[in-house]
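First comes the structure, then the notes that go with it.
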Amino acid sequence: MTPEEAAKRKGEWVAKMKLEGRMKEDMTEDHKSCLNALQNPVRRNILKALIEQKKSLEEIKAEFKLTDSQTSYNLNMLESTLCIEKEESEGVTYYVLTPRGEGYVENVELKK
């Protein structure tokens with residue numbers, strides 16, 4: 001994806017999140033929630049794994065050796081802070097990075 005395509009995708013995603021009321025009006029509060037979620041190393045590692053490819057709940061659970069409740073809790077936290085979103089394909093729910101999640105991985109994790 002070219003930088004122009006990525007910028008366009010991000011702009012469309014932000015507009016969609018605002019339209020759906022999923023992005024907080026107070027951007028400081030929005031960023032604070034996201035940073036709080038990303039303090040957990042498991043959630044950061046999930047984001048890094050999703051940069052490579054989309055994964056199902058079962059794949060994430062197995063890869064990180066989590067219980068059902070741990071997997072659901074961590075995925076719900078990442079989804080509520082708009083770092084990941086669900087994508088349906090052939091009857092299976094997959095988790096994919098949003099532009100926000102991609103930005104975190106590219107600007108923080110990959111630069112370590």
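Here, each number is a calculation from the coordinates, and none is a lab measurement. Everything numeric here is computed off the predicted structure, so don't read it as measured data. Counting neighbours? That spans all protein chains shown, and the Cβs are built from the backbone with ideal geometry, glycine included.
Worth a mention:
- Förster-model FRET efficiency, 25 Å R0, SER80 and SER56, C-beta, rounded to 0.05: 0.85
- DSSP loop GluC sites (Glu not before Pro) with at most 12 other Cβ within 10 Å excluded, longest remaining stretch of the chain: 26-89
- Farthest towards the positive end of the charge dipole of the chain, among the residues MET1, HIS31, LEU75, is the Cα of HIS31, using unit charges on the Cβ of Lys, Arg, Asp and Glu.
- Count of Lys pairs (Cα-Cα under 17 Å; at least 8 positions apart or interchain) in segment 24-111: 9
- Length gained when the stretch ASP26-ASN107 is fully extended (0.36 nm per residue, less Cα-Cα span): 26.9 nm
- Proximal aspartates and glutamates relative to LYS18, as straight alpha-carbon distance under 14 Å, when same-chain residues fewer than 8 apart are discounted: ASP26, ASP30
- J(HN,Hα) series, segment 15-23, from Karplus relation 6.51 cos²θ - 1.76 cosθ + 1.60, nearest Hz, glycine and proline x: 4, 5, 5, 5, 4, 7, x, 8, 9
- Cα point-scatterer Debye curve for the chain, base-10 log of I(q)/I(0) at q = 0.11 Å⁻¹: -0.35
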